[in-house]
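Here is the structure we will look at.
The values are calculated or read from the model by the stated rules, or taken from the named source; none is laboratory data. All values reported here derive from a predicted model rather than from experimental measurement. Glycine also receives a Cβ, built like all others from the backbone with ideal geometry; neighbour counts cover every protein chain displayed.
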Amino acid sequence: MSSKFCQQAILYRLIYAFGYSVVSIEQRIIDEKCMNIYVGNLSYGVTDDDLQQLFAEYGTVVNVNLIKDRDTGNSKGFGFIEMENQADSEKAIKELDGNLLKGRNIKVNQTRPKNDRAKPKRRSW
């Protein structure tokens, strides 16, 4: 873990001790410094290390989260990357979207907050 994130953890504890809203300040700091990236259409043979190496060419990778089936442990074909620098993240998205990785053209884009996603229409019976 980088020293910036350790410093942020200490800052959060201090903020919490004085009664400020940690969640709002935490989200603001993350939005300014980091970017979460969605990576889809992955081959089921892709590992966390593969994604780490691929995105490390564009900047510092903070976290790799390859989504796996809870019963089998197999990859579900998508994951999320968190990069430390927003400019590096944007460059990685631009250059990697549509590239071939282990026989598949991957989809790479910035994640959207939950409230920005399209909500499925519910049928009333």
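Some observations on this one:
- Among the residues of segment 57-77, those that are in contact with a Gly (Cβ under 6 Å, 6 or more places away or on another chain) and farther than 11 Å from residue 37 by Cα comprise 66, 67.
- The single residue among 52, 27, 7 that is modelled with pLDDT of 60 or more, of a type in the set (S, T, N, Q) and assigned to a helix (DSSP H, G or I) turns out to be 52.
- Matching residues in segment 86-101 - criterion: being in contact with a strand residue (DSSP E or B) (Cβ under 6 Å, 6 or more places away or on another chain) and either surrounded by fewer than 18 Cβ atoms within 10 Å (Cβ to Cβ) or of a type in the set (Lys, Arg) (or both): 86, 97, 98
- The set of residues in segment 92-118 being in a helix (DSSP H, G or I), under 15 Å from the mean Cα position of the chain (by Cα) and at pLDDT 95 or above consists of 92, 93, 96.
- Residue within segment 72-84 that is within 18 Å of the chain's Cα centre (by Cα), surrounded by 14 or more Cβ atoms within 10 Å (Cβ to Cβ), of a type in the set (Phe, Trp, Tyr) and assigned to a loop (DSSP other than H, G, I, E, B) present: no
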